[in-house]
Structure formats: C-alpha cells, structure tokens
Amino acid sequence: MRMYVKHKEKTHHAARTADNRLKNQLHRTTFVNFTDIVQNYTGKSIRAKVYEKMWHLYSLFDPIHGRRKLEQLHLSPAKVDVMEQRFLKILFQVMEKSNFQILNDAEVELAQSGQYLLNMPIAVDKFKLDKRLFTTYFKENKVDEVPSYADQYVIFRRGIGIDRTTDYFIMPKLDLLIERTWGWGLEKLGLRKVKTEETVNLHSLSRKGSKGEKRIQDGAQNEEKAPGADNNELRFERIRIQNMDLSFKNLFTQNTVQEPTFDRMIVVYRNASKPHHILDPLGDRAIHIRHFRNIPMADMELVLPEKKNPGLTPMDWVKLTISAVLGLVALIGSTESGKGDVWVLVAVLGGIIGYIAKIYFTFHANLEAYQNLITQSLYDKQLDSGRGTLLHLCDDVIQQEVKEVIMAYFVLMSQGKATDLELDKRCEELMATKFGEKCDFDVEDALEKLEKLQIITKDVNGKYSHQPLRKANDAIGETTDELVERRSR
C-alpha cells in the first residue's frame with residue numbers, strides 16, 4: 001500500500017475499525033485475534049527474509065564496531081565493495097517499502113528558494129565526504145531520478161507537515177527594511193530596474209507514483225481545492241517575513257511565520273577516507289544513517305552532513321568593501337578641499353560605520369541562531385541513528401505489510417469474490433471513504449501473502465475468495481500469547 005499517514009494507525013485500531021463493519025457476521029474477538037496472528041506471522045517472515053540480512057551486512061559498516069568485524073573476517077577490499085553495495089540495495093528497497101523517497105533536485109530548489117529560521121548560507125564540505133560509495137550504487141542500479149548531490153550523500157524524505165513560529169523577528173525586519181530602502185534609492189537613481197510586485201510566488205513539484213502524479217503547491221492562499229486542480233494535489237502556504245508589508249510601526253510587534261516541513265528525513269553518507277596507507281587498504285568503511293523529524297523545508301540544510309563553518313557571504317564582503325571605500329573617499333575629499341563641513345563629514349562617516357556595524361552584528365546574531373538550531377536538531381529533531389533507524393524502518397515495513405494483508409482479507413470477506421483489479425479498486429475506495437487517504441494499494445503483494453498463508457482461493461475465472469475466519473485462524477496457527485497461555489495451563 002503506497003501511502004504514508006503521519007499519525008500511523010495501529011494494527012489493533014485498524015482491526016476495530018474494520019470490525020465495526022462486520023455487523024453480526026463474526027465475533028469481534030475472533031477478528032482481532034486474526035490480526036494478531038497475521039502480525040505475528042508477517043513480522044517473523046520479514047525479519048527472517050529482509051531484516052536479518054540487512055542487520056548482518058550493516059554490522060560490517062557500523063561506525064562503532066564495523067571496523068573490528070571487517071578486520072576479524074580478513075575480507076579483501078573487493079569483497080567489502082560487493083557487500084556494501086549489497087547492503088545499500090537492501091536499504092533502498094526497505095526505504096521504498098517504508099514509503100520514503102529520495103529528495104530530488106526540484107524539492108531541494110524549492111527548499112532553498114526562501115528563508116525560515118536559518119538565515120545563513122550553509123554548504124557541505126565536499127572534501128570530507130566519500131564519492132565512490134553512491135556513485136557506484138547509482139551506476140549499477142536503475143533509479144528514475146538521481147539528484148545532483150547524490151554522489152556524496154542521499155537524503156530520503158516522507159510526509160509533509162506545517163511548522164509555525166511566533167516571535168518579534170526584530171533583526172530580520174530591520175535588515176529587510178534597510179534592504180528595501182536601499183533598493184528604493186537605487187531605483188530612484190536609475191541604478192536598478194523597478195521591480196514589479198508579485199502577489200503570490202507559486203512553485204510546484206511533482207511526485208510520481210504508479211497511479212499518477214501528486215503535486216505539492218507552494219504559495220497557495222489556502223488548502224481548498226482550486227478549480228481543475230489535480231485530485232492528489234497538496235497545497236500549503238509559506239508565510240515569511242520577506243513577504244510581509246513592513247514599516248517602522250510594526251517593527252516591534254509579534255508576527256507568525258509558517259513553513260512546510262518534511263515530516264521524516266533520513267540521511268545516508270560516508271566520510272572520506274584518509275590517504276591510503278599500506279597498513280590500511282580498506283580505508284573508512286563506516287556508513288552513517290541519521291533519522292530526523294519535522295525539518296522545515298527552508299532549513300533543510302540542518303540535516304546535511306559535514307557542514308562548513310558559516311561565514312560572511314560574498315554579498316556581505318561586497319557591502320563592507322563599498323562602505324569602506326566610500327568612507328575613505330569622503331575622508332580624503334574633505335581633507336583635500338579643506339572647506340568641508342565637519343558635521344556633514346561626521347554624519348557620513350557615522351552612517352557608513354553604523355552600516356558596517358550592522359552587517360557585523362547581523363552576522364553574529366545569525367551565527368548564534370544557527371548554533372541554536374544545530375543544537376536543537378541534535379537533541380530535539382534527531383530521532384535516531386544507525387541501528388536504531390534500521391529498527392524503525394523494519395517496524396514500518398511490518399506494519400505496512402500487515403495492513404495490506406488485513407485489508408485485502410477484510411474486503412474479500414465483507415464484499416465477496418473479486419479479481420485482483422477489483423480487489424485493488426475496492427481497497428483504495430475503502431481507504432478513501434473510511435480514512436480519507438488516497439493511496440496506491442499494492443494488491444499483488446497482499447494476494448501473494450494471503451496465498452502463502454493459505455487463507456484465500458482462486459477460481460477458474462480468476463476471482464479470489466476468502467476462507468472462513470475461524471478456519472483462517474486455524475490455518476495460520478496460534479499467536480505467541482495463545483501459545484504461552486495454553487502451555488501455562
């Protein structure tokens with residue numbers, strides 16, 4: 001089932017919801033017991049088939065203990081290369097099953113098109129990251145759209161949320177007022193073209209799925225459906241200081257800014273190896289996996305690995321240089337003429353010195369805010385890393401598979417026989433009407449698991465039917481709780 005619900009429905013809740021539709025057909029506890037059995041069986045199957053293999057491979061590339069394991073196994077560099085690519089292949093498959101997708105260039109461009117709480121340019125130190133790992137992977141495996149940054153690290157994202165912050169934002173407001181005043185002066189002097197006002201700055205991104213496209217619109221005024229809009233279209237509004245009508249009257253009033261967030265982000269990367277030594281032919285093989293939550297789009301640089309220390313931007317240096325030159329010219333001109341008004345000179349120099357001080361203190365204020373955001377991202381927004389993230393992913397996959405099996409069985413039980421296409425449509429309609437979620441139901445995977453459990457049959461016309469609920473429970477077997485209860489008697 002290709003979907004992601006931010007507040008994930010638990011299996012028992014889904015079971016109770018489905019059970020409400022059973023009426024008098026089956027007893028409530030029997031159906032809940034069926035969900036327990038399916039969850040127990042499916043969880044064991046996935047752990048044995050996928051997770052154990054992924055866990056074993058990652059133990060070789062774990063940043064803490066992986067190096068020691070590699071040394072104990074005495075593997076050649078070529079063999080390690082094969083095993084790390086095998087691990088990445090499984091990891092990418094699990095990411096897809098968990099409904100994570102790679103952050104593409106269009107989404108990165110949208111995220112970097114504005115500012116939110118982070119007001120400093122952040123860049124990755126490319127010399128500190130390995131390029132061979134992902135370059136090899138994308139060369140050997142077909143991926144629809146490889147982002148330009150993916151030779152050094154890969155960012156996965158899932159879900160969209162909204163973050164709001166209310167504050168005075170005095171320094172950003174003051175900086176914006178000075179910038180607008182400066183621009184107005186340049187326009188009046190004819191040194192810059194007059195900019196036309198743009199009421200709404202719209203951006204659009206497409207997220208391709210097997211059933212069509214989902215589009216994320218930026219800059220919409222509300223979340224209502226526009227005429228002729230795509231049914232899968234998600235709309236949100238970005239409220240920024242840069243788009244507000246500012247004056248010195250509202251400089252000291254509180255404002256609320258709003259930014260869409262990536263609900264979950266996972267970053268995978270490897271640090272660059274030091275120059276190879278004859279005693280260390282393997283180099284640095286550790287693969288770092290970090291899991292974040294609720295990252296504002298405009299501040300997504302917070303999750304980047306190996307960030308450079310921020311400094312003054314080239315534009316700041318240009319402003320400082322021009323200010324210094326203007327101050328020097330004014331001083332020399334006044335000294336050579338010998339008749340300059342001292343107070344005018346003091347006023348000019350004072351304004352220039354004040355402007356330089358403003359750039360300096362703005363930089364330090366932004367630097368302090370950046371450091372606070374980094375600290376917050378480490379202690380508040382980082383969910384887990386390494387093995388803990390793999391456990392999260394495994395649990396996501398199990399819950400997803402369990403929901404698929406339960407829903408497919410329930411639809412067959414409550415609505416009768418169906419072909420695979422009919423079942424697919426019915427499950428998607430149930431998700432839309434009962435949960436208000438549009439999804440692409442993975443009917444092939446659900447039917448495959450139901451057939452393995454031997455609780456459905458297929459007739460000569462290609463229609464599937466279910467086994468009675470009690471017979472299905474007996475066919476799958478006991479749950480762990482039932483087994484413990486029976487043996488304790």
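The values are calculated or read from the model by the stated rules, or taken from the named source; none is laboratory data. Fair warning: this is a prediction, and the values are worked out from it, not measured in the lab. Note that each Cβ is placed from the backbone with ideal geometry, even for glycine, and that neighbours are counted across all protein chains shown. Please note that ligands, DNA and RNA were not included when accessible areas were found on the heavy atoms of the full protein model with its side chains. Shrake-Rupley method; radii C 1.70, N 1.55, O 1.52, S 1.80 Å.
List of remarks:
- Scanning region 25-67 for residues that are surrounded by fewer than 16 Cβ atoms within 10 Å (Cβ to Cβ), in a loop (DSSP other than H, G, I, E, B) and at pLDDT 80 or above yields 59, 64, 65.
- Any hit, region 277-289, residues being open to solvent by 30 Å² or more (accessible area, probe 1.4 Å), under 30 Å from the mean Cα position of the chain (by Cα) and among the basic types (Lys, Arg): no
- Residue check: residue 123 meets all listed conditions (1) touching a strand residue (DSSP E or B) at 6+ places or on another chain (Cβ under 8 Å); (2) more than 30 Å from residue 165 (Cα to Cα) but one, namely (2).
- Qualifying residue in region 358-379 (condition: within 22 Å of the chain's Cα centre (by Cα), polar (S, T, N, Q), modelled with pLDDT of 70 or more and under 30 Å from residue 301 (Cα atoms)): no
- Of the residues in region 82-94, none is touching a Phe, Trp or Tyr at 6+ places or on another chain (Cβ under 8 Å), outside any helix (DSSP H, G or I) and polar (S, T, N, Q).
Conditions (1) open to solvent by 60 Å² or more (accessible area, probe 1.4 Å); (2) closer than 23 Å to residue 292 by Cβ; (3) basic (Lys, Arg), marked per residue:
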| position | (1), (2), (3) |
| --- | --- |
| 69 | yes, no, yes |
| 72 | yes, no, no |
| 81 | no, no, no |
| 91 | no, yes, no |
| 94 | no, yes, no |
| 101 | no, yes, no |
| 106 | no, yes, no |
| 112 | yes, yes, no |
| 115 | yes, yes, no |
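- The lone exception for residue 169 - which of (1) at pLDDT 75 or above; (2) under 23 Å from the mean Cα position of the chain (by Cα); (3) more than 30 Å from residue 275 (Cβ to Cβ); (4) surrounded by 14 or more Cβ atoms within 10 Å (Cβ to Cβ) it fails: (2)
- Conditions (1) loosely packed, with under 14 Cβ neighbours inside 10 Å; (2) of a type in the set (A, V, I, L, M, F, W, C); (3) touching a Cys at 6+ places or on another chain (Cβ under 9 Å): number failed by residue 123: (3)
- Any hit, region 444-451, residues being more than 20 Å from residue 96 (Cα to Cα) and either over 33 Å from the mean Cα position of the chain (by Cα) or open to solvent by 60 Å² or more (accessible area, probe 1.4 Å) (or both): yes
- Residue check: residue 435 meets all listed conditions (1) aromatic (Phe, Trp, Tyr); (2) crowded, with 16+ Cβ neighbours inside 10 Å; (3) over 23 Å from residue 473 (Cα atoms) but one, namely (2).
- Checked against (1) of a type outside the set (Lys, Arg); (2) farther than 19 Å from residue 99 by Cβ; (3) modelled with pLDDT of 85 or more, residue 247 passes all but a single condition, namely (3).
- From 109, 52, residue being at negative phi, without any contact (Cβ under 8 Å) to a residue 24 or more places away in the chain and under 21 Å from the mean Cα position of the chain (by Cα): 109
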